[in-house]
1. So T534 clears everything in (1) assigned to a loop (DSSP other than H, G, I, E, B); (2) modelled with pLDDT of 95 or more except one condition, right? Which one?
2. Filtering segment 367-397 down to residues that are exposed (fewer than 14 other Cβ atoms within 10 Å of the Cβ), at pLDDT 90 or above and of a type in the set (G, A, S), which residue is nearest to Y182 (Cα to Cα)?
3. For residues that are of a type outside the set (V, I, T) and part of a loop (DSSP other than H, G, I, E, B), scanning just segment 292-319, find the one that is farthest from S130 (Cα to Cα).
4. I'd like the full set of residues that are surrounded by 18 or more Cβ atoms within 10 Å (Cβ to Cβ) and of a type outside the set (D, E), limited to segment 469-480.
5. Kindly provide the set of residues from segment 1-48 that are in contact with an Asp or Glu (Cβ under 7 Å, 6 or more places away or on another chain) and hydroxyl-bearing (S, T, Y), ordered by number.
6. Name the residues in segment 61-110 that are buried (at least 21 other Cβ atoms within 10 Å of the Cβ) and without any contact (Cβ under 8 Å) to a residue 12 or more places away in the chain, would you?
7. So which residues in segment 155-173 are among the polar types (S, T, N, Q) and surrounded by fewer than 24 Cβ atoms within 10 Å (Cβ to Cβ), if there are any at all?
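The values are calculated or read from the model by the stated rules, or taken from the named source; none is laboratory data. Because the structure is a prediction, the values reported are computed rather than measured. When we count neighbours, we look across all protein chains shown, and the Cβ atoms used for this are built from the backbone with ideal geometry, even at glycine.
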Amino acid sequence: MKEDIFKIFRDAGIAVKESELESPPDPKFGDMSCTVAFEVAKKKKKNPAEVAAEIAAKLEVCGVVSQIKVAGPYINFFFDRDKAAKKMLELLDKVKFKKKKEKVMVEYANINTHKPIHIGHLRNISLGESLSRILELCGYNTVRAYYINDYGMHVAKTIWYLMNHETKRPKENLADWLGEIYVKATRKIKDSPELAKEASRVLQLMEERNPEVMKVWKETWKWSMDDFWETFAELGSPKFDAKLYEHQVFDAGKKISEELLEKGIAKRSEGAIIVDLGKYGLGVYVLIKSDGAALYQTADLELAKKKFREYDIDISIYVVASEQKLYFKQIFKTLELMGFKRAKDCHHLSYELVYLKEGKMSSREGTLITYRQLKEKMMKKAFKEVMERNKGMAKARALKLAKQIFLAAVKYGFLKVENNKKFVFDWGKALEFEGDTGPYIQYSAVRAGRILEKRKKGGKFSSVEKDVEYDLVRKLYRFGDVVSKAAEKRAPNLVANYAAELAKAFSEFYSQCKVIGSDYESSRLAIVEAYCNTISKCLDLLGIDVPERM
């Protein structure tokens, strides 16, 4: 339909750029608006409103355009609603994204072993998985990767505690239990330099592959990883293409540190090996501690190289919390200084942490809401809602539906918020299923599906009767643009907010427009079918299922 507007300008001998056409913020200003008068007025040194009126006087309607009006410096185009709606529905059905040349790795689900998965991780996993789906739909060859921090001081503290204290191992939820052991270890070591040295010694023994220590590491590592894989499956994440672990790149990272020291890129400072990035405004990047122990940042240099070397990617995206912004700037600058040509292709997609009303969560202090706690509480609420609305539903089916609703509530709750905005977790809001929530959007999709189930024949669009019909079609037509922008900006929240906007528009349509048995049944069925397809695609991009019933 933009082509019709371009033709109108061409016929009048006026050049217009793509960027000068936009959708007005309010439908009363038309379907499309042109800002060409600003540029022309600037060149002619005239009033933009006056120039807009002069240009509009030369234009004649054609195609889907039925009216042209001027509002100050803007030239507004109004479409013939029947023609435009028909065209939009036809084009919506043909939305395709061109295959891209770039192969993109999205690293997310970067979790520490020996700690439980908590709600902060759910924001990471939801964001990374949704971005992967959006990039895939937009034609990118997408590689999903997780990177598990399974070495380091947090692991050493846990192993130290287990090797030096009597503990009673539970029969289940071993990953959560390891988190409790880590909290106990941290509190015990906190005020004791001697105990801290003992834990540091365990870390050194891990690096030396001490058989006794590694036996405990392997057993507890498996407990954590079993829990991770089970959770990934529950969250509906597909199989990861790249499974990366700190222990795989740990030794090579230490070697790189020594090489940087030899080349003069790194230096010794009070026994530690550091890269001084002060002249770049990035402070000091510590590679090896003064006691000789490596840090997780030691391994990250080799990890960056491994990704490009083994997976032949063009772009590497790290989905990691915003508290690591400086850290990633340090990594990328160090990679650049060491001559790694792909450093420019490494990107940090940051997101703000999840906070409780009481403040920041901390695994050290034990102030976390674990995934298991969240699941148990929300599943109980969702199951109750399902049984109240579906009397006599079989328990197995009700549990499946409750799980779909619970996951929709959690994922949408995280994804609707811009990744650079802080998320404060509130139990009350998390357990709501009405309003701006994932379950509400699911319900709108199910309701649309029920209408289609009742039809006796397919819908063929011919005309619209009411404003709400045309408004819904206009919103549906934006699907391709919204998804493209979400991929470009790496912002799944754009899709989440668009889905909510669609659900609201459909609710208004549903309340005002009878479908089955109306004089406009065929046209409205076509609109409902388009809505059903589009909202289902949006929910899939968010990693949310559409239930059969609600």
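1. Condition (1) is where T534 drops out.
2. Checked segment 367-397; the qualifying residue nearest to Y182 (Cα to Cα) is A396.
3. G292
4. Y470, L472, V473, R474, K475, L476, Y477, F479
5. Hits for segment 1-48 are S33, T35.
6. none
7. Of everything in segment 155-173, those that are among the polar types (S, T, N, Q) and surrounded by fewer than 24 Cβ atoms within 10 Å (Cβ to Cβ) turn out to be N164, T167, N173.
So that you can scan it fast, the table gives a plain yes or no per residue for (1) of a type in the set (V, I, T); (2) within 17 Å of A85 (Cα to Cα); (3) touching a Lys or Arg at 6+ places or on another chain (Cβ under 6 Å):
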{"site": "E469", "(1), (2), (3)": "no, yes, no"}
{"site": "R474", "(1), (2), (3)": "no, yes, no"}
{"site": "F479", "(1), (2), (3)": "no, yes, no"}
{"site": "V482", "(1), (2), (3)": "yes, no, no"}
{"site": "K485", "(1), (2), (3)": "no, no, no"}
{"site": "V495", "(1), (2), (3)": "yes, no, no"}
{"site": "Y498", "(1), (2), (3)": "no, no, no"}
{"site": "F506", "(1), (2), (3)": "no, yes, no"}
{"site": "S518", "(1), (2), (3)": "no, no, no"}
